[in-house]
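Engineer: Once you've had a glance at the structure underneath, I'll fire off some questions.
Quick note: the coordinates plus some simple rules give every number you see, no bench work behind them. Source: prediction; values computed, not measured. Note: ideal-geometry Cβ built from the backbone for every residue, glycine included; neighbour counts use all protein chains shown.
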Amino acid sequence: MSARFAPVYFTDENALGLGKLLRRSGRDDVLYPGHEDLPRVPLGALDLEWMPVVGALGLIVVTRDRRIRTRPAEMIAYREHGIRSVWIGAKRDLGPHDQLELFLRHEERLRREIVKLGPGPWAVALAEAGVRPLPLRSLD
C-alpha cells in the first residue's frame, strides 16, 4: 500500500458524533453534514441528497444506519454513485467515544480493505472483531 494513500471519510448523521470527535482530534480527513468544507451537504440532508455528492467526491461513508444498504432507493443510489461505506456495528449500541475507539483500533485494517475493494459500490462492517465485507442486497 502506498504511504500516500489517504481516504477521506464522510460520517453521515447517524455517526455525526464520531465525525466531530475525529475533527476535534486534529484530523482533516473527515467531513460530515453541515461541515463548512462540504457546503453541498447541509445538516438534515436526506441520504438520497448526499449520496450523489459523496459518491462524486470519492468519500468513504461511515454510518451506523443498518438499513441504508437494503432500501431499494438507496441501493439504486449505491450502484449509481459508486458508494463505498463502512457500517459501524456492535452487539451493543456504541456512543461516539466508543465508536472513535473502535474506528481508530481498526483503521489500518480498514485502509487495507479499502484498497483491496477498490472502486464502489461496496460496504464493510466495522466491529469489535475487525473489518469484514458486507453483501449489497441485489436489485435483481
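Engineer: By count of other Cβ within 10 Å, fewest leading, how are Thr63, Thr11 ordered?
Structural biologist: Numbers: Thr63 21, Thr11 30.
Result, fewest neighbours first: Thr63, Thr11.
Engineer: For Kirkwood radius over Cα pairs in Å, one of [x] 15.1; [y] 15.7; [z] 16.9 was computed from the structure I shared and the rest are decoys. Which label?
Structural biologist: So the structure-derived entry is [x].
Engineer: Let me have the 222 nm mean residue ellipticity of the chain computed from DSSP H runs of 4+ only, each contributing -39500 (n - 2.57), with the sum over all residues rounded to the nearest 500.
Structural biologist: Numbers: 4 runs with 52 residues, N = 140.
Rounded to the nearest 500, the figure is -12000 deg cm²/dmol.
Engineer: Something else now. Exposed loop sites here are trypsin sites (Lys or Arg not before Pro) in DSSP loop states with at most 15 other C-beta atoms within 10 Å. What is the longest stretch of the chain lacking them?
Structural biologist: Answer - 93-136.
Engineer: Please go through the stretch 1-52 and write out the chymotrypsin sites (Phe, Trp or Tyr not before Pro) that DSSP classes as loop and that have at most 12 other C-beta atoms within 10 Å. Write out the running numbers ahead of the final one.
Structural biologist: Details: sites: Phe5, Tyr9, Phe10, Trp50; in loops: Phe5.
In loop regions of the stretch 1-52 (DSSP not H, G, I, E or B), the sparsely surrounded chymotrypsin sites (Phe, Trp or Tyr not before Pro) are Phe5.
Engineer: Can I ask one more? Taking the beta-carbon count within 10 Å as an exposure proxy, list Tyr32, Tyr78 from fewest neighbours to most.
Structural biologist: Values: Tyr32 24, Tyr78 27.
By the 10 Å Cβ count, ascending: Tyr32, Tyr78.
Engineer: So, one more: Full-extension gain between Glu128 and Leu57, please, as 0.36 nm times their residue separation minus the C-alpha to C-alpha distance. If you can, show how the numbers build up before the last one.
Structural biologist: Numbers: separation 71, 0.36 × 71 = 25.56 nm, distance 2.89 nm.
Working it through step by step, the gained length comes to 22.7 nm.
Engineer: Would you kindly state how much longer the chain becomes between Glu49 and Asp28 on full extension, computed as 0.36 nm times their sequence separation minus their alpha carbon distance, in nm to one decimal? Let's see the in-between values first.
Structural biologist: Working: separation 21, 0.36 × 21 = 7.56 nm, distance 2.31 nm.
Working it through step by step, the gained length comes to 5.2 nm.
Engineer: Using alpha-carbon positions, what is the distance between the centroids of the stretch 95-140 and the stretch 51-74, in Å?
Structural biologist: The stretch 95-140 and the stretch 51-74 have Cα centres separated by 13 Å.
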